[in-house]
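In what follows, a structure is listed as structure tokens, so that the remarks can point back to it.
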Amino acid sequence: MKHHRLLAAALVAAAAGAVRAEDSTSINGITIYGTVDMGIAYDTHGAPNSTIGSVSSFSVIQKQSNRANFGVTENGMAQSKIGIKGAEDLGGGWTGLFKLEGGISPSGGAITDGLKSLINNNGYTVAGNAAHPTAYNGFNSAGADSFRAGQPFNQAAYVGVSNDTYGTLTLGRQTTLETDLVGNYDPLRNSYAYSLIGFSGTAAGSGSTEDSRWDNSIKYLVSYGPAHAGIMYSPNGSIGARNNTDLGADIGFDEAGLSVDFVYTHTKDEVSASSLSASQVLAVQADGLSPSNTVAATLFDTTAYSLGAKYVIDDRFTVLGGVEYIEEKSPSSPVPNGTIDIGGYSLFVTNNAATFPGEKDLTYVWAGVRYQATPKLELATGYYYLHQNDYSGNNAADIKACAASKSSSPTCAGDEHVMSIYADYHFTRKFDVYAGLMYSRVLGGQDYGFVHSNNIAPSAGVRYSF
């Protein structure tokens, strides 16, 4: 049984709650399930831990990483969540299915809300701001943009039908084909504590983590022999006044332990949100908006091309890798201040009509190995590389700044390197413990505005899945 047939079957089996009878949580084909993941982490250069966002601590170096930090964290290996899913035999080889799933933040007991974690840092600065003496020096807590913005079912909310011959068709809020590729071919399983592409979400979202899930989307998966394909579409106007039309396509195969996928994605008016600076807080108030419900935003159109591959050797070694190339350009349509984003938050658009002096290109490359040392112990290691081109365009000031120092402007060429290793031990199918180490470093334009350029982040945790 091949890749998308497996994926379709997994959707149906998961919806039906195909687990052992003695610990099944299914009733009449409806299953309640979830994960709780908590741990501890140390960052040589980090920020106080968050209790609301997907990213609890800055395992990957960030601008806000201005101090050593130790504390209780969440979601190190996997996003904590709770969900309900179901499947119904319709006869004639057809199955109806649905899924409702939301991320939770167990350290604070709340629904996960990445945009709220940004708002918690509105008005804070990394190094202080003499022009605004009320600005806080040093960030309040770790904060990062996310597709999880306080919605009850921020991870999935879809319904559909499946057939072994004709494939699977689903409609609603669901993962993109790019997100599926990253999840299938990341050696460190998209973990926040050990994977760059898991932590940032930019690769999974083809440029913006908010686009890792598409609302109002139509997704179709089908397989024939070793080959499989998929197509996904989200129509214009899904969110507020944005022209956020999205289109994705996937083609691949599975044969003799080798799996390969190629994904194409094109999006319009993607949003990358960030905390408001002290000066932006004043501008937001002058514009009649509330800083307690507003984030800064950069908007852009993207086209992304990705290739992922993995090879299983003797059912113990799995070699995985991938590459993704993302083109970012100025957005298709202007978006005014106050436009509503996911979660009902307002956007304060600081970059809109002319987002980039030139085309911004991001290239992700990753590779790694998983080793099933024993039936209960998995070891994994991986390397991640991100390259940003020089997109100064015709901006003379940026060109001059980049010539003097690659770290002097965000438009300069730059790189990020991440290396990680972890061990994950399953005492039972539901209960496991893990520990590992991540090292990250930024250079050139990727280092712009950073207090420190590297971080060493050991961590350990415990996870219960039901």
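Phi angles of the range 144-149 translate, via the Karplus equation with coefficients 6.51, -1.76, 1.60 and θ = phi - 60°, into HN-Hα couplings of 8, 4, 6, 6, 8, 10 Hz per residue; Gly and Pro are given as x.
Structure shown: which of K219/K360; K63/K400; K268/K310; K376/K430; K116/K360 lie over 19 Å apart, alpha-carbon to alpha-carbon?
Among K219/K360; K63/K400; K268/K310; K376/K430; K116/K360, the Cα-Cα distance tops 19 Å for K219/K360; K63/K400; K268/K310; K116/K360.
Highest-first packing order for the peptide set 384-391, 104-111 is 384-391, 104-111, based on the mean count of other beta carbon atoms within 10 Å.
When peptides 54-64, 87-97 are sorted by average Cβ neighbour count within 10 Å, with the highest value leading, the order is 54-64, 87-97. Derived from the Cα gyration tensor, the three semi-axes of the equivalent ellipsoid of the range 271-356 are 39, 16, 10 Å, largest first.
Note on the chain: helix-only mean residue ellipticity at 222 nm, from DSSP H runs of 4+ residues weighted -39500 (n - 2.57) and normalised by residue number, equals -3000 deg cm²/dmol. The amide H of G53, built 1.01 Å from its N in the peptide plane, has D113 as neighbours under 5 Å, considering only residues 5 or more places off or on other chains. Converting phi to 3J(HN,Hα) with the Karplus coefficients 6.51, -1.76 and 1.60 and the offset θ = phi - 60°, the range 205-213 yields x, 6, x, 9, 4, 5, 9, 6, 10 Hz in sequence order, with x at every glycine or proline.
If R0 is 22 Å, what FRET efficiency do you get for Y233 and S333 from their C-beta distance, rounded to 0.05? The computed FRET efficiency comes out at 0.75. Full extension of the chain between T165 and R429 gives 91.9 nm of extra length, using 0.36 nm per residue less the Cα-Cα distance.
Take the Cβ atoms of Y224 and I32, set R0 to 41 Å, and the FRET efficiency comes out at 0.75.
Amide H contacts under 5 Å for G143: none, restricted to partners 5 or more places along the chain or on a different chain, H placed in the peptide plane at 1.01 Å from N.
What does the extension gain come out to for Y385 and A68, with contour length at 0.36 nm per residue minus their alpha carbon separation?
Between Y385 and A68, full extension yields an extra 111.7 nm.
3J(HN,Hα) along the range 405-420: 7, 5, 9, 8, 8, x, 8, 6, 4, x, 9, 9, 10, 9, 10, 9 Hz, from the Karplus curve 6.51 cos²θ - 1.76 cosθ + 1.60 with θ = phi - 60°, whole Hz, x for Gly and Pro.
Only the coordinates and a few stated rules stand behind these numbers; no lab work does. Predicted, not measured: the structure shown is a model, and the values here were computed from it. So basically every Cβ, Gly included, is an ideal-geometry build from the backbone, and we count neighbours across all protein chains shown.
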